[in-house]
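Just below is one structure, and these are the notes that go with it.
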Amino acid sequence: MQVEGLARIRVIDFSGLDGNRCIAGHYASKMLVDAGAEVIKVESQAGDPFRHWSSTGADVAQEDSAFFRYLNAGKKSVVGGISDAHVLALIETADLVIETFAPSSPELAQFTGLDPCARWPHLVVLSISPYGRSGPCAGKAATEFTLQADCGSLSTGGRRDQPPVMAGGRIVDYVGATFAAVAALAAVMRAQQSAPGIAAGEYIDFSLLEVFNIAGTSYADMMSSLWGRPDVPGMLRNVEVPSIEPTRDGWVGFATNSHQQYSDFLLMIGRTDLLAQKDLATAQGRSKRMQEWNDIVHAWTKARTTSEIIAAAALLRIPVAPVHSGKMVLTHEQLLARGVFVENPKAATLQTAFVQPRPPYLINGESLFALRPAPLQGQHQHVIQARVTNKQAPGAAAPAPDKHALPLQGLRVLDATAWWAGPSATQMLAHLGAEVIHLEAIQRPDGARMMGGVHAHQSDWYEYSAMFLSANTNKLGMTLNLDHASGVAIARELLGHCDVFIENYSPRVIEKFGLGWDAVHAINPRCVMVRMPAFGLDGPWRDHVGFAQTMEQMSGLAWLTGHVVDQPRVRRGPCDPMAGMNAAFATLVALNERRRTNTGCLIECSMIEGALNAAAEQIVEYSAYGNVMERMGNRSPDAAPQGLYYCQGHDRRNEQWLALSIETEAQWQSLKSVLDCPAWANSSALNDLGGRKIHHDLIDHELQQYLQSRPLDDILQQWASAGIPVAPVRSSVKTWHHPQLCARQFFEELAHPVVGSHLHVTPPFTFANMQRQQQPWLRLPAPTLGEHNRHILKKLLAYTDAMIDQLEQEEVIGRRPTGL
């Protein structure tokens with residue numbers, strides 16, 4: 001059967017129209033066009049800012065850059081302004097408009113002046129901005145770097161004897177794009193299913209600050225809240241050990257998220273004697289003894305090749321990967337075996353060929369559509385056809401009741417995922433209205449619960465995991481032992497009542513339970529099954545274990561993270577929620593397809609392919625131009641000066657870091673002005689970005705001399721008022737009182753039956769229709785272990801109390817982990 005995908009959706013993409021190089025809008029529309037939507041770029045006469053952009057300085061003056069072609073393959077292009085008649089006509093026929101206008105841009109004022117949601121009530125508008133379009137920081141200039149500082153992420157990165165270091169690779173934009181694409185597609189699907197006469201358009205106000213508070217801090221603020229918010233001096237930055245370690249021929253990366261993985265790591269290096277040293281069993285303990293620990297580990301790793309170490313670790317099921325650059329990743333055996341890299345199709349007038357990662361999910365074993373060339377500027381100026389909007393596909397489900405209903409209301413999801421990547425996918429579906437049943441077993445609770453072990457003094461310590469509490473709000477919780485025949489039988493019954501089944505076991509496990517795709521499809525032909533393996537369902541690495549750190553190491557993201565004088569580093573987080581959003585997006589694509597076919601499908605969404613798409617810039621830069629991108633610490637190809645500068649009163653217990661990032665010439669002139677135009681800044685050598693990058697050390701020295709005797713708060717107020725992108729390096733455990741997050745009600749309080757009341761993060765966007773109804777995002781706290789066993793078994797499966805009692809006696813279900 002031919003797949004239609006999102007062919008009935010038209011998107012107008014204003015990303016880059018104002019010259020703003022925000023990747024998030026480009027990548028969100030890329031996700032939509034890859035799934036079949038018609039995406040029409042609106043460009044200025046100057047063209048999209050990425051058409052002639054190369055992070056490595058390649059000569060792209062004569063033709064469209066590889067990075068532009070990666071972001072825009074398959075899209076259409078027209079040239080015009082927001083108020084031009086032909087652009088207004090396109091908006092009228094669109095389902096979705098995406099804009100990423102800078103807060104101070106004339107284009108934002110012009111677009112807002114159209115009052116698009118009132119003028120076109122059917123329309124969904126996705127507005128992506130640094131801080132969101134409301135709140136005290138809404139008009140503040142920002143960059144990727146200053147957002148990482150302000151959201152709490154930057155404070156967690158790097159060694160304690162070095163300044164904090166950012167996560168490399170424009171990861172805020174990529175993570176933000178995946179969240180934004182899910183929100184937009186869900187809203188469009190609701191609008192297209194609305195009842196006759198109901199204009200169910202939506203305005204989505206998306207905040208990049210909020211998304212990276214989620215993805216970049218690993219819920220550190222919740223961790224602090226569980227401890228009663230102690231006053232911790234300085235920043236809580238650290239590096240994970242073991243993590244990226246030197247080998248005889250390069251670097252290898254590990255992850256030891258569980259005690260079993262740590263124990264197996266010691267077995268591998270022949271140092272099981274260290275098990276007796278309890279402090280080394282914790283990440284904090286190893287960090288405090290880092291030099292001693294590194295001497296032990298490096299004595300073993302430096303004597304072996306990367307491939308030898310990977311083979312040894314894989315035998316013990318320790319998460320492991322080579323640490324790749326954009327060059328090295330192209331030859332990895334798993335990625336080659338699965339055909340992950342595909343050729344970017346080029347227009348006949350272009351010369352440069354290159355490869356790129358394919359979209360990060362497969363439906364029924366295949367990518368939805370072949371890539372098509374990126375458009376030439378204005379290529380489709382007069383050839384775009386008229387259309388009628390807001391039409392349901394044949395065979396669509398019953399319309400959503402009204403425009404205030406959550407988009408996925410009425411859907412049920414069986415969630416057999418653990419840790420963070422899978423739970424973040426199902427949590428987003430729950431936020432958007434689905435009923436989600438999170439499955440665990442008392443014999444094997446969700447691994448994220450084990451992070452509550454730091455609260456071992458509590459009798460129910462497994463309920464004290466900040467990760468589990470934060471990533472599983474709005475879900476029901478059920479325990480079910482799938483190693484028991486009765487447990488599998490109940491799972492099969494549940495599947496008959498579910499629209500979606502999501503799991504992220506190792507590939508071999510779900511088949512062992514007899515719950516593979518053939519079985520699920522036979523039980524419920526309408527059910528969409530989503531599988532989230534680390535490396536894919538086939539290939540030589542099929543059964544390897546992988547976590548977020550592993551994805552950073554293998555994809556190239558870690559290659560770009562770390563101080564130049566240090567080594568590649570991981571940030572332990574962003575790849576998990578990003579994988580989750582890729583899975584959630586693919587789920588929505590499949591549900592949209594089911595409206596037409598009335599049949600479910602199998603989705604395979606591997607973590608590594610999601611990470612590769614976020615790391616694609618360095619892949620295409622090497623493939624197209626032979627240039628390897630390298631880590632730059634806190635500097636960037638996009639900005640200069642950019643870095644951290646300490647201000648008055650700074651010391652290790654009271655860190656006073658200013659994050660500064662100058663991307664545009666207007667910002668540079670503003671910086672010179674607030675500095676009173678010193679002679680050094682007026683040098684003609686600093687008149688453009690290239691010159692400032694060459695003389696970055698000089699600029700850093702002068703800025704540090706100026707700032708070290710001035711109060712941080714004064715500088716922040718004065719410079720931000722001048723339109724300069726600045727931010728404090730905000731502690732990850734003190735974001736709960738960030739004035740912007742408070743104003744936007746990003747945190748909502750929930751009462752949990754065990755841990756009490758705490759502030760929880762919400763989705764990093766608002767729906768205007770929800771705001772008008774003053775609906776909170778969060779309806780339920782994360783479930784306690786097996787909290788809803790009886791409710792689910794009685795409501796869905798009509799089990800009696802006696803039957804449920806028998807299941808408890810047989811430990812098929814339960815409320816407390818076994819073995820405690």
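For this structure, a couple of remarks:
- Residue check, residue 502 among the β-branched types (Val, Ile, Thr) and over 28 Å from the mean Cα position of the chain (by Cα): no
- Tally, over segment 87-125, of residues that are open to solvent by 40 Å² or more (accessible area, probe 1.4 Å), assigned to a helix (DSSP H, G or I) and farther than 21 Å from residue 8 by Cα: 8
- Matching option when the condition is in a loop (DSSP other than H, G, I, E, B), touching a helix residue (DSSP H, G or I) at 6+ places or on another chain (Cβ under 8 Å) and crowded, with 19+ Cβ neighbours inside 10 Å, among 50, 67: 50
Let's see how each residue does on (1) in a helix (DSSP H, G or I); (2) open to solvent by 20 Å² or more (accessible area, probe 1.4 Å); (3) at pLDDT below 95:
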site	(1), (2), (3)
169	no, yes, yes
186	yes, no, no
206	no, no, no
215	yes, no, no
245	no, no, no
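- Selected residue (criterion: most open to solvent (accessible area, probe 1.4 Å)) from residues of segment 783-819 that are outside any helix (DSSP H, G or I) and in contact with a strand residue (DSSP E or B) (Cβ under 7 Å, 6 or more places away or on another chain): 787
- Being crowded, with 18+ Cβ neighbours inside 10 Å, closer than 25 Å to residue 126 by Cα and in contact with a strand residue (DSSP E or B) (Cβ under 8 Å, 6 or more places away or on another chain) holds for only one residue in 760, 738, 752, and it is 760.
- Residues of segment 630-655 classified as over 26 Å from residue 169 (Cα atoms) and open to solvent by less than 20 Å² (accessible area, probe 1.4 Å), total: 1
- Residue tally, condition over 24 Å from the mean Cα position of the chain (by Cα) and surrounded by fewer than 21 Cβ atoms within 10 Å (Cβ to Cβ), over segment 31-47: 4
- Residues that are within 29 Å of residue 177 (Cβ to Cβ) and open to solvent by less than 30 Å² (accessible area, probe 1.4 Å) number at least 1 in the following strands (runs of 3 or more DSSP E) confined to segment 299-383: 320-322, 355-357.
- The set of residues from segment 681-705 being open to solvent by less than 50 Å² (accessible area, probe 1.4 Å) and of a type outside the set (D, E, K, R) comprises 681, 683, 685, 686, 689, 690, 691, 696, 699, 703, 704.
- Segment 563-593, subset in a helix (DSSP H, G or I) and small (Gly, Ala, Ser), residue farthest from the chain's Cα centre (by Cα): 590
- Consider segment 70-86 and keep the residues that are farther than 27 Å from residue 190 by Cβ and β-branched (Val, Ile, Thr). The one that is least open to solvent (accessible area, probe 1.4 Å) is 78.
Matching residues to (1) without any contact (Cβ under 8 Å) to a residue 24 or more places away in the chain; (2) assigned to a helix (DSSP H, G or I); (3) crowded, with 24+ Cβ neighbours inside 10 Å:
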position: 442; (1), (2), (3): no, no, no
position: 450; (1), (2), (3): no, yes, no
position: 487; (1), (2), (3): no, yes, no
position: 502; (1), (2), (3): no, no, yes
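- Close pairs from segment 302-313: first over 13 Å from residue 244 (Cβ atoms), partner surrounded by 14 or more Cβ atoms within 10 Å (Cβ to Cβ) and among the aromatic types (Phe, Trp, Tyr), Cβ under 7 Å, at least 6 apart: 313/254
The values are calculated or read from the model by the stated rules, or taken from the named source; none is laboratory data. Here the structure is a predicted model, which is why all the values come from computation and not from measurement. Because the Cβ atoms are built from the backbone with ideal geometry, glycine has one as well, and the counts that use them run over all protein chains shown. Please note that ligands, DNA and RNA were not included when accessible areas were found on the heavy atoms of the full protein model with its side chains. Shrake-Rupley method; radii C 1.70, N 1.55, O 1.52, S 1.80 Å.
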